[in-house]
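> Okay, here's the structure, questions in a sec.
The values are calculated or read from the model by the stated rules, or taken from the named source; none is laboratory data. Predicted model only: the values in this text are computed from it and were never measured. Note: ideal-geometry Cβ built from the backbone for every residue, glycine included; neighbour counts use all protein chains shown. Side chains included, ligands, DNA and RNA excluded: accessible areas come from the protein's heavy atoms. Shrake-Rupley method; radii C 1.70, N 1.55, O 1.52, S 1.80 Å.
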Amino acid sequence: MSRNVAADRAAWARLRERASAPYRGAGRFAWHFARGKIGHDPVFRHLFAAGLIPQGARVLDIGCGQGLLASLLRAGAAMRAAGEWPPAWPPAPAPARITGIELMPRDVERARGALGEDGRTSFVCGDMRTEPFPPSDTVVLLDVLHYVTHAEQDAVLRRVRDALVPGGRLLLRVGDAGRRRGFAISQWVDRLVCRARGHAAPPVHGRPLAEWIAQLRRLGLQVEARPMSQGTPFANVLLVAQRP
Ligand SMILES: C[S@@+](CC[C@H](N)C(=O)[O-])C[C@H]1O[C@@H](n2cnc3c(N)ncnc32)[C@H](O)[C@@H]1O
């Protein structure tokens with residue numbers, strides 16, 4: 001392993017520990033879940049490494065769960081302030097605001113318990129199908145849309161497009177239902193995680209990747225697809241969709 005790769009891994013491990021630490025007080029599950037998810041899910045690291053969240057962004061995280069993205073952003077800003085941010089990475093994004101919307105009260109409690117709320121960070125317990133979306137520079141939807149029907153997905157995406165400022169970005173991760181094996185494995189794991197978090201596993205409404213892209217383009221967004229299941233058996237794709 002080259003020295004750069006080792007340094008990179010060590011820096012990410014430090015960020016993971018900092019971002020997981022606030023969940024210690026929220027119970028063993030919340031802390032272990034945070035460490036496992038941040039450590040193994042490639043999407044969080046990609047958001048930072050590719051600089052997908054701009055400085056000063058107003059971020060809306062829909063289906064935020066226990067608020068891992070908010071915790072990572074806060075931990076990144078703290079590492080940067082302490083001079084521990086790797087110089088080779090894009091500067092840690094310091095958002096102007098992060099709002100999480102989450103359906104499950106228990107997850108919202110964990111997020112609020114771990115991170116608190118202030119003028120910059122807030123968590124709303126609500127349903128993305130009805131909750132208003134504030135004007136945003138970056139909207140994040142990671143592994144959430146498949147829980148609602150296709151018509152509801154389209155309605156949420158239309159409202160996301162309207163909430164984005166010109167030049168703003170939607171970061172949407174979906175499973176590609178066209179890759180049957182990977183998609184089936186992710187649904188199976190999803191059901192296990194839902195049960196572990198104390199929720200019933202809801203039915204899922206997947207789409208092949210080409211349909212997701214076509215729907216975003218119909219909304220006038222410019223779309224780029226990036227594979228996002230490295231190191232996992234899933235069929236996940238990150239769609240970076242920009243409002244012109
Ligand atoms: C697979 S988890 C992903 C959590 C988070 N985005 C992440 O990547 O760590 C999906 C989340 O979406 C939430 N969710 C599902 N349906 C929702 C809805 N209609 N409105 C808001 N949140 C919803 C679930 O409760 C769950 O926390």
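> For the chain, with only Lys/Arg (+1) and Asp/Glu (-1) charged at the beta-carbon, what is the dipole magnitude about the Cα centre, in debye rounded to 20?
The dipole magnitude comes to about 480 debye.
> Is the shape of segment 132-183 best called rounded, prolate or oblate, per the rule: a/c under 1.5 gives rounded, else a/b larger than b/c gives prolate, else oblate, with a ≥ b ≥ c the square roots of the Cα gyration tensor eigenvalues?
In terms of gyration-tensor shape, prolate.
> Just check segment 3-242 against the gyration tensor rule for me: Cα atoms, a ≥ b ≥ c as the square roots of the eigenvalues, rounded for a/c under 1.5, and otherwise prolate or oblate depending on whether a/b exceeds b/c.
rounded
> In a Gaussian network model over the chain where Cα atoms closer than 10 Å are linked, find which of R16, R207, R195 has the largest mean-square fluctuation.
Comparing R16, R207, R195 in a Gaussian network model of the chain, the most mobile one is R195.
> Output the antiparallel fraction of DSSP beta bridges having both residues in segment 3-242, as a percent to the nearest 5.
Taking every DSSP beta bridge within segment 3-242, about 40 percent pair in antiparallel fashion.
> Taking the Cα-to-Cβ direction at V193 and at E224 and moving 7 Å from each Cα, how far apart do the two end points lie in nm?
2.5 nm
> What are the ³J(HN,Hα) values, in whole Hz, obtained from phi via the Karplus relation 6.51 cos²θ - 1.76 cosθ + 1.60 with θ = phi - 60°, for each residue of segment 170-187 in sequence order, with x given for Gly and Pro?
Result, ordered by residue: 9, 10, 10, 9, 9, x, 8, 5, x, 9, 4, 5, x, 5, 5, 5, 5, 5 Hz.
> Decide, for segment 105-203, between rounded, prolate and oblate: order the square roots of the alpha carbon gyration tensor eigenvalues as a ≥ b ≥ c, take rounded if a/c falls under 1.5, and otherwise choose prolate if a/b is larger than b/c, else oblate.
oblate
> Further, regarding this structure: Which whole-Hz couplings ³J(HN,Hα) result when phi for each residue of segment 102-107 is put into the Karplus expression 6.51 cos²θ - 1.76 cosθ + 1.60, θ = phi - 60°, listed in order with x for Gly and Pro?
Rounded to whole hertz, the list is 8, 6, 8, x, 5, 5.
> How much accessible surface does H150 have with a 1.4 Å probe, in Å² rounded to 10?
Looks like 80 Å² after rounding.
> Can you pull the accessible area of E117 for me, 1.4 Å probe, Å² to the nearest 10?
About 100 Å², ignoring ligands and nucleic acids.
> For I53, I185, what's the largest-to-smallest order of accessible area, 1.4 Å probe?
I get I185, I53, largest accessible area first.
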